[in-house]
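Below: the structure, in structure tokens.
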Amino acid sequence: QVQVVESGGGLVQPGGSLRLSCAASGRMFSFNAMGWYRQAPGKQRELVASLTSSSTNYADSVKGRFTISRGNARNTVYLQMNSLKPEDTAVYYCNAANPGERSYWGQGTQVTVSS
């Protein structure tokens, strides 16, 4: 049974940094794609950043500020968030997927950017 667990959220001042971590357990092989999504109150869930073995993709709103990377352990991924803005406030979700298969979601971690 696959479980996806995020950590690292919290309260940070504008201009600050946070690093989110995600680990997907219960699968023998690596997921082809892992990514981060976020959902702010009253808004739809949106892609923040994703990566596969061959490509990395970022939302325009976070380019140059956020960096997604894989960890050394299988099925781990990080999101380094710098120069945070109040509009980055949201629940951040990790997703793990393979083509043609169901995808898996974590429970989410709250990121609040406020002075």
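Coordinate-derived values only; no laboratory data. Just so it is clear, the structure is predicted and the values come from calculations on it, not from any experiment. So basically every Cβ, Gly included, is an ideal-geometry build from the backbone, and we count neighbours across all protein chains shown.
Data for the structure
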read-out	value
Modelled FRET efficiency - R0 30 Å, residue 61 with residue 27, Cβ distances, 0.05 increments	0.45
Segment residue 17-residue 98, extension gain: residue separation times 0.36 nm, minus the distance between their alpha carbons	26.1 nm
Per-pair calculated FRET efficiency, R0 = 30 Å: residue 1 and residue 83 via Cβ, rounded to 0.05	0.20
Segment residue 110-residue 43, extension gain: residue separation times 0.36 nm, minus the distance between their alpha carbons	22.6 nm
Fraction of beta bridges assigned by DSSP in the range 28-111 that are antiparallel (%, nearest 5)	100 percent
The chain: most fluctuating residue of 45, 102, 65 per GNM, C-alpha cutoff 10 Å	102
